[in-house]
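Here the structure comes first, spelled out in structure tokens, and everything after it is commentary.
Throughout, read-outs are computed from the coordinates displayed, never taken from laboratory work. Keep in mind that this is a model prediction, so the values were computed, not measured. Cβ placement follows ideal geometry from the backbone for every residue including glycine, while neighbour counts extend to all protein chains displayed.
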Amino acid sequence: MTEYEDGEARGTLLVIDGHSLAFRAFFALPVESFSTAQGKPTNAVWGFASMLSQVINAERPDHLAIAFDVKGGTFRNTMLPQYKGTRDAAPQDLLDQLPLIQRMLDALGVTYIEKPGYEGDDIIGTLATMGEQARYRTLVLSGDRDAFQLVDDWVTVLYPGYHFKDLKHMTPDEVFAKYHVMPAQYPDLAALRGETADNIPGVPGVGDGYAAKWIGKYGSLEALIEHADDIGGKKGEALRANLDQVRLNRKVNALVRDVDLGVTVEDLTFGQVDVDKLDALFDELEFGARTKNRVLKTFNNEETAKTQAAQPQQDENIVLPNGQRAHDVKELRDWASAHLPAPVRRPDVGELPSGNDEATSGIDHSARCSEAIEHSWVLNACGNAKPGRVSTSSVTLLCAGEALVLQAPLDEDLRDALGGIIDAHASGMVVHGYKEQLHLFSALGLALPYPLFDTELAGYLAQPDFHAESLEQAASHFLDIHADQDEPATQGMLDLGADGDVDSDPDAGKLKHAAIIAALARFLAPKLDMCEQFGLLQTLELPVSRVLQKMEAQGAKVDTQRLKDMRDGFAADARQAQEIAWQWAGREVNLQSPKQLSEVLFEDMGLKPTKRTKKGAYTTNADALQTLYMRSVNDERANGFLGALLRHRETNKLKQIVGTLIETINPFDGRIHTTFEQTVAATGRLSSADPNLQNIPNRNAVGREIRSAFIPGEGYESLVSCDYSQVELRIMAHLSGDEALIEAFRSGVDFHRYVASLVHQVPVDQITADQRTHVKAMSYGLAYGLSSYGLAQQLKINPGEAEALKQKYFSTFGKVRDFLESCVSEARRRGYTETMFGRRRYFPALHSTNRSAREAAERAALNAPIQGSAADIMKVAMIRASRALQEAGLKSRIILQIHDELVVEVVPGEAQQVTELVRNAMETAVRLDVPLDVSTGIGADWQLAAH
DNA sequence: AGGGCGACGTA
DNA sequence: CGTACGTCGCCCTC
């Protein structure tokens, strides 16, 4: 199906599996919330309309058809009686809505097709075939994986993810990346594996992996069956025992592609909405004006069509490159020598100063990149970069409007040639997301040198408060503002809005991405120069990306069984607490519903609420419950209920945390591979996601136990944990230059006790526990802009006392107050704050007329240099520690960073050396006026490594 | 399904 | 009426 000459597509045809969409809508939306006053369910209709609108808005097809199954069996049922046994049991409530959906489609002027004796899938197969033969870019929306067999350069399957709107564009690369077979071989694979959803058994014990391996080896299912006797082991036996089933599966899952539908693609236009009909239907279903307008906006009419056509052109400054593919080393080399700029020798980026430099001298703030960007080129690999399950589908190179695409898998020669070219031209290389690219290239077996520029990191450094979720989002944020400044409009403009391919080129998406990266680089390089952030990019962020990529790839080994036991234990405790709470409440309230809880507490039990949430409801947070609990000593019922509720809150939260961890364990290596987000936190900190390993409980013994499930993996012996003591306070002492505070750190006495003795003017050994606690809270609160009101609340003292403490504190540490005030006033004057390393954060809200917004900005501006400097210091430490481990030839690896803590997985015999080396890297990351103390610990698990 | 919100875990 | 995050579950949508 791929033997087409080059040429423009005539348009886009969208083919939809109507039943699968209706099913999805029906089960996604609760009937209770979507029915008419008489109780007639409308959830499937509403959901269908909503999802259909979404797809149309995202893909903007000009032709559309929707396929439905029809009652009565097909040839498949005759062959396989249990066929779709699970699906045919559609609830009556859903079946009743199908005619309504079809009425809606009629009103919308959308063609729907059903054909007795055939399934919707066959109609889809036929329409897809018709679409590509008529030279339409054809999109098939289907939740049925059998549709993957239709995929080729002209046909893309839109496969809904967990959230419907995450439609995966299944192109030949994507299918290959996921299943390691070509789309045409997919039915062979599916026949071996079976399809639980459709009640079709495959070969027991054979999943996608084995099926792909066999098909890869023999070329096809047919060939495999011929050689079935050659396959050894249990899997081979299972295969031979199920040959009939597999053959049958293969017959059944082949889509018919030549049903006589009596229409042509040209007939499948849409957009002639019969508004009266639609009104009547929606009134009957009691849909509101908002729904109607949304649907009308999508389907009607010339007016909206015009604005859509006009809009994207306006803010375009991206030209689609000339793309070609390389299939062998020669093509690659020829393209590279013709198009890539001559390699320039450039000192390696990421060289951190060694030894005892001044705090910030490691960063060259005068480094500039605008000029180099003029001669740069873009490298961008596509695929799945999730640590632990990385797969790479293609690599794109782009320079000056000329692009080259390489399809994975690359054979060894091609891979090595690519690696050589990248290394030689690294000095001019631009990427978007170096860490992600490192993952993708490592899956190809290539190490990626430091690039000249990273548009994702650059965007973050230029505007740390803006976080782009995607390349497209970054592009529309950074680029459309300056629409008319760059290139003149030419043909081959790209539509930023739609994610889809442009016209006929199956590589258009990749070319577009590369072109966007090039444009972003051109836009961001001067910005970065202007705000002096390029040095930070080169010296800090890019090297940190490399460290983080290794940490993510390594992952953290966990004791799965132990986690499961913990989850069960917490679950049992939570259940027990729930039982007790229910007894006191006299009804089965959902303890996880603040709404239901406040009914019980404040209505049934008549308790007096404490505070409100920002939306006005009475809060049921831990603080409030604690207060109510104390107050209710004479109310047995309330006291009993609250006690149980508090226990439930705690154990249920722990159950939930452990459950989330278990779900993210990678089955292949029993490890948890988090993703460290480097461009999310506006202060310069990292964050951890999917799962978040930076918020594993640590404050009380029960929760802390979870840390004991984090253990060294095979070949490792222990975990070493190193953390900074009071970094933020030390930074505050250093930056403020307050002699008293500096002396407090140099004295070597217990810091908080020492500070308390100064504040209260009492000898160190006479400080009470309360005094120490209060002063400690004050110290930490300072860096957050804590008010005396807040301090009072936290310490449960009256505001007068809190204010007095604050006054005493500041009279002792006057320069600290001056420093904090200067942070804010400087930010107000310059518009931004700066960390010790020159990282900036902008605070426009400091000039807001809205008082609470302004004050919030003041607190954030006061905190940013402190939190941000701490983050920078840790980044330097990570780079140094990682390098030191490597240079010492050690096999131990950093696996986690929790803001001020590093966790290292240690190989037998290296513990001593690793500890000293990491400690040294952390302590000497910068030189401050106070010592940077690091405390370390070692143990057989994370909890035991604590100190 | 998808968005908002409350609640709560960490530094 | 303390900064910076991520995740879960509930609730609403008509």
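How large, in Å, is chain A by the Kirkwood hydrodynamic radius built from its alpha-carbon pairs?
32.1 Å
By DSSP, what percent of the beta bridges with both residues in segment A:3-266 are antiparallel, rounded to the nearest 5?
Just about 30 percent of them are antiparallel.
What residues have an amide H closer than 5 Å to that of A:VAL140, excluding those fewer than 5 places away on the same chain, when H is modeled at 1.01 Å from N in the peptide plane?
Here A:VAL15, A:THR156, A:VAL157, A:LEU158 satisfy the definition.
Going down the table (A:LYS655/A:LYS796; A:LYS168/A:LYS435; A:LYS168/A:LYS527; A:LYS386/A:LYS512), which pairs top 25 Å between alpha carbons?
Beyond 25 Å: A:LYS655/A:LYS796; A:LYS168/A:LYS527.
Per residue of segment A:668-673, in order, report the coupling 6.51 cos²θ - 1.76 cosθ + 1.60 (Karplus, θ = phi - 60°) as ³J(HN,Hα) in whole Hz, putting x for Gly and Pro.
6, 10, x, 10, 9, 9
Can you give me the Rg/Rh ratio for segment A:559-664, using Cα atoms for both radii and the Kirkwood formula for Rh?
Reported Rg/Rh (Cα atoms, Kirkwood Rh): 1.03.
Mind checking which lysines have their Cα closer than 16 Å to the Cα of A:LYS217? Skip sequence neighbours fewer than 8 apart in that chain.
A:LYS235
Restrict the search to segment A:532-633; then list the trypsin sites (Lys or Arg not before Pro) that DSSP places in a loop and that have at most 14 other Cβ atoms within 10 Å of their Cβ.
Listed in order of number, the matching sites are A:ARG587, A:LYS611, A:LYS614, A:LYS615.
May I ask for the angle, rounded to the nearest 10°, between helix A:769-782 and the longest principal axis of chain A, with both axes built from Cα atoms and the value confined to 0 to 90°?
Taking the Cα atoms of chain A, the angle to A:769-782 is about 50 degrees.
Helix-derived [θ] at 222 nm for chain A: sum -39500 (n - 2.57) over DSSP H runs of at least 4, divide by residue count, nearest 500?
-15000 deg cm²/dmol
7 Å from Cα along Cα→Cβ at both A:GLU801 and A:THR613: what's the point-to-point distance in nm?
Label-label distance for A:GLU801 and A:THR613, simple model: 3.2 nm.
Please list 3J(HN,Hα) in residue order for segment A:803-817, calculated via the Karplus relation 6.51 cos²θ - 1.76 cosθ + 1.60 where θ = phi - 60°; whole Hz, with x for glycine and proline.
Each residue's phi maps through the Karplus curve to give 4, 4, 4, 4, 4, 4, 4, 6, 6, 7, 10, x, 5, 5, 4 Hz.
What ranking, highest mean first, results for peptides A:782-793, A:450-461, A:262-273 when packing means the other Cβ atoms within 10 Å averaged over each residue?
Ranked from most to least packed, the peptides come out as A:450-461, A:782-793, A:262-273.
Charges at C-beta only: +1 for Lys and Arg, -1 for Asp and Glu. How large is the resulting dipole of chain A about its Cα centre, in Debye rounded to 20?
In total the dipole reaches around 3420 debye.
Set the Förster radius R0 to 35 Å, insert the Cβ-Cβ distance between A:LYS235 and A:GLN133 as r into 1/(1 + (r/R0)^6), and round the FRET efficiency to 0.05.
Calculated transfer efficiency: 0.30.
Nearest 5 is fine: what % of DSSP beta bridges in chain A come out antiparallel, could you say?
Within chain A, antiparallel bridges account for around 65 percent of the total.
Tell me the relative contact order for chain A as a rounded percent, counting alpha carbon contacts under 8 Å between residues six or more apart.
About 10 percent, as a whole number.
A:ALA403's amide H: which non-local residues (gap 5+, or another chain) put their own amide H closer than 5 Å, with H modeled 1.01 Å from N in plane and none for Pro or chain starts?
When sequence neighbours closer than 5 places are left aside, the close amide H contacts are A:ASN322, A:GLY323, A:GLN324.
Cα to Cα, under 16 Å, and not fewer than 8 places away if on the same chain: which aspartates and glutamates meet these conditions relative to A:LYS297?
A:LYS297 reaches A:GLU59, A:ASP62, A:ASP274, A:ASP276, A:ASP279.
Rounded to whole Hz and in sequence order, give me ³J(HN,Hα) for segment A:259-268 from the Karplus expression 6.51 cos²θ - 1.76 cosθ + 1.60, θ = phi - 60°, writing x for Gly and Pro.
5, 7, 9, x, 9, 10, 4, 4, 6, 8
Taking the beta-carbon count within 10 Å as an exposure proxy, list A:ASP411, A:ASP121, A:ASP152 from fewest neighbours to most.
Going from sparsest to densest Cβ surroundings: A:ASP411, A:ASP152, A:ASP121.
Which one of A:ALA884, A:VAL914, A:HIS847 has its Cα pushed farthest toward the positive end of the charge dipole of segment A:843-947, where Lys and Arg give +1 and Asp and Glu give -1 at the Cβ?
A:HIS847
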